[in-house]
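What follows is a set of notes on a single structure, which appears directly below.
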Amino acid sequence: MVLFFKQMHFLSKNWMNKVLLKILDSFYIGILWLIITAIKTSIFILKKKKKNRIAALPYLPKNYPGGNIRIGNWKKHFNNRNQEFDVFWASEKDQFEKWITPGLNIKNYFFHFLVLFKRTKTFLKIRNYEIIWLQRNFIPFYPLKDPLFEKLIKKLGKVLIVDYYDADYLHNKSLVNETALIADKITVSSPFLFEYFKKINPYTFLLPLTIEPNKYYQKDGNQKNKELVIGWMGNPGNALELIKIKEALIALEKRYSKKISFEFLCRGEISLPLKQLKLKKWTEKDFNYYDWLSSVDIGIVPYTSNTERLRAKSPMKTLEFLCSSIPVVISPCESYPELIHNDNCLIARDYEEWINYISMLIENPNERKRIGKSGKFYFNNHHTYTKNINLLQKILSLNSI
């Protein structure tokens, strides 16, 4: 009987939550349409042109890598060239982490309303800009099916350029494809995305992923610790790809039990039967990412699945190893076609190759140094802001339409 009442209480609570979520969603949509209607009725008043001013709108929160490295960090490089380039964030990192949790729940709507009101203010500001560089969509994280604000940006007479650096269309294909169709131009970070969006919008441009090298220590090929450190970093989703090469990692640990250790950085748990494994988390007290990365002697970036999401991906962690002159063993990666096996990296395709190439780096300090140095040379020539600013400046100009 007690169990029966507990189940009834759970079902009742669950039903009430669903009803409340539906009410909140209806209220959100109602507010959204009031805002859209108000903007539409005053669109001619809002029209205003100021030449050569760029408004950049990241999708991800401020201080999240995907928002900073892809959009936000460009500001100082454009400003150094006397080009007005202003960044408008939709949210802060702490707001996102506090209110956004997996699945539909009431907490999420605190975030959705905050973003909606903040983006409405941003819309009123961007009328002073002629070029709008938008990451993914105007309203982040809420699953709209129609690019309502993006259409209004076009009605304001602005040049709308939309950026994609991941397989974002997999989550909301109708919204992404419709946005890409109405955009003046598209920027993408990988050849796979280039081919996908070129079919929708002929004005699609490949802009390589870039990171700032200044914070990264440079590896000289000499080991810092008693044991050689084999390092990996990523999110729980990417850790599933790491687990797929666990048999190779187990074999390496047996072969070099006193010579190597593994250090993996992830915000979630990783289940791997490695005795020499140290799991690190970003949230550890006094943890310094760049200090930790400098302790890694060999980097590994396994993406063994041939999924659309992984083919579209531009692995930032690969770039961070290359930037730090750390020799890296990777899965075949079509996002970086200039990466050449046994030159600036090692490319492992199966179990035997993962063992053989990591073993070669463990046993040969000169090879670690050579491949690390070559990887850094590749990075400097393809993935810095200074190397790509001329390209982006041309893309964001009116003349290239």
Filter region 192-220 for residues that are over 30 Å from residue 157 (Cα atoms) and not in a loop (DSSP other than H, G, I, E, B) and give the result.
192
When the residues of region 290-302 are narrowed to those that are of a type in the set (A, V, I, L, M) and assigned to a strand (DSSP E or B), which ends up farthest from residue 352 (Cα to Cα)?
298
Where the second residue is among the charged types (D, E, K, R) and the first is more than 28 Å from residue 370 (Cα to Cα) and lies in region 203-220, which pairs have Cβ atoms under 7 Å and are six or more apart or on separate chains?
203/184; 203/185; 204/198; 205/185
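Have a look at 194, 205 and point out the one that is out of contact with any Pro (no Cβ under 6 Å at 6 or more places or on another chain), closer than 17 Å to residue 311 by Cα and among the aromatic types (Phe, Trp, Tyr). Outline the logic, then answer.
Numbers: 205 fails: closer than 17 Å to residue 311 by Cα.
Step by step, each of 194, 205 is checked, and only 194 is out of contact with any Pro (no Cβ under 6 Å at 6 or more places or on another chain), closer than 17 Å to residue 311 by Cα and among the aromatic types (Phe, Trp, Tyr).
Looking at region 375-401, which of its residues are assigned to a helix (DSSP H, G or I), of a type outside the set (Phe, Trp, Tyr) and touching a Cys at 6+ places or on another chain (Cβ under 8 Å)? Before you say what the answer is, go through the steps one by one.
Within region 375-401, the first condition is being assigned to a helix (DSSP H, G or I), and the residues that meet it are 375-382, 385-395, 398-400.
Keeping just the survivors that are of a type outside the set (Phe, Trp, Tyr) gives 375-376, 380-382, 386-395, 398-400.
The answer is 375, 376.
Every residue in region 247-289 that is closer than 15 Å to residue 359 by Cα and either in contact with a His (Cβ under 6 Å, 6 or more places away or on another chain) or not in a loop (DSSP other than H, G, I, E, B) (or both), please. Lay out the reasoning, then the answer.
To start, the set of residues in region 247-289 that are closer than 15 Å to residue 359 by Cα comprises 247-262.
Correct list: 247, 248, 249, 250, 251, 252, 253, 254, 255, 260, 261, 262.
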Check whether at least one residue in region 139-152 is under 28 Å from residue 18 (Cα atoms), of a type in the set (Lys, Arg) and either in a helix (DSSP H, G or I) or out of contact with any His (no Cβ under 6 Å at 6 or more places or on another chain) (or both), and report yes or no.
yes
A careful count of residues in region 200-213 that are surrounded by fewer than 21 Cβ atoms within 10 Å (Cβ to Cβ) and either among the hydrophobic types (A, V, I, L, M, F, W, C) or more than 25 Å from residue 57 (Cβ to Cβ) (or both) gives 5
Count of residues meeting criterion [in contact (Cβ under 8 Å) with a residue 40 or more places away in the chain and among the hydroxyl-bearing types (Ser, Thr, Tyr)] in region 137-189
5
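All of the numbers you see were taken from the coordinates with simple rules; none came from a lab. All figures in this text were calculated on a predicted structure; none of them were measured in a lab. With ideal geometry, Cβ positions are generated from the backbone for all residues, glycine too; neighbour counts draw on all protein chains shown.
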